[in-house]
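What follows is calculated from the coordinates using simple rules that are stated; it is not laboratory data. Quick caveat: nothing in here was measured; it's all calculated off a predicted structure. All Cβ positions, even for glycine, are placed from backbone atoms using ideal geometry, and neighbour counts span all protein chains on display.
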Amino acid sequence: MAAKLRKGDKVVVLTGKDKGKQGEITAVMPKDNKAIVDGVNMAIRHQRQTATAQGGRTPKAMPIDLSNLSLIDANGKATRVGFRIEADGTKVRFAKTTGEAI
């Protein structure tokens, strides 16, 4: 089955502590049904100092479930994703609210 959300998509968080936050997907993990979104679901990770890297506390984006994310359409609203076959035979994703191809 084709993926509804892909790397580089602009999404909004629907539920949880980061509800309403928007960001871009940086990685998708289809086996785990999760994605990593910039600036969403941040956690503090402690890094030990080494000869090459500075130590300290660094924020890191943690994976969030795909069911808690929704694609943002051209109007800036959350939308569902559909699939259709174009006239030239290619399969494309489209926003259910506007009908535009993504």
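Of Pro59, Gly99, Pro30, whose Cα points farthest to the positive end of the dipole of the chain (charges on the beta-carbon: +1 Lys, Arg; -1 Asp, Glu; origin at the Cα centre)?
It is Pro59, whose Cα lies furthest towards the positive end.
By what distance, in whole Å, do the Cα atoms of region 10-95 stretch along each of the three principal axes, largest value first?
58, 27, 23
Mind checking the dipole of the chain: about its Cα centre, +1 per Lys or Arg Cβ, -1 per Asp or Glu Cβ, Debye to the nearest 20?
360
Mind listing the phi-derived Karplus ³J(HN,Hα) values for region 76-88, rounded to whole Hz, using 6.51, -1.76 and 1.60 with θ = phi - 60°, and x for any glycine or proline?
Per-residue couplings from phi come out as x, 9, 6, 9, 8, 10, x, 10, 8, 9, 6, 4, 7 Hz.
Spelling out what I want: for every residue of region 54-68, take phi, set θ = phi - 60°, compute 6.51 cos²θ - 1.76 cosθ + 1.60 (Karplus), and round to whole Hz; glycine and proline get x.
Residue by residue, region 54-68 yields 6, x, x, 9, 10, x, 9, 6, 9, x, 10, 5, 5, 5, 8 Hz.
From the phi of every residue in region 23-37, what ³J(HN,Hα) in whole Hz does the Karplus formula 6.51 cos²θ - 1.76 cosθ + 1.60 yield, where θ is phi - 60° and glycine or proline is x?
Result, rounded to whole Hz: x, 10, 6, 9, 7, 10, 10, x, 5, 8, 6, 10, 9, 10, 10.
Can you list residues from other chains, or at least 5 along the same chain, whose modelled amide H is less than 5 Å from the amide H of Arg93?
The answer is Ile102.
Would you pull out the residues with amide H under 5 Å of Lys34's amide H, same chain only if 5 or more places away, H placed 1.01 Å from N?
Close amide H contacts, sequence-distant or interchain: Met29, Leu66.
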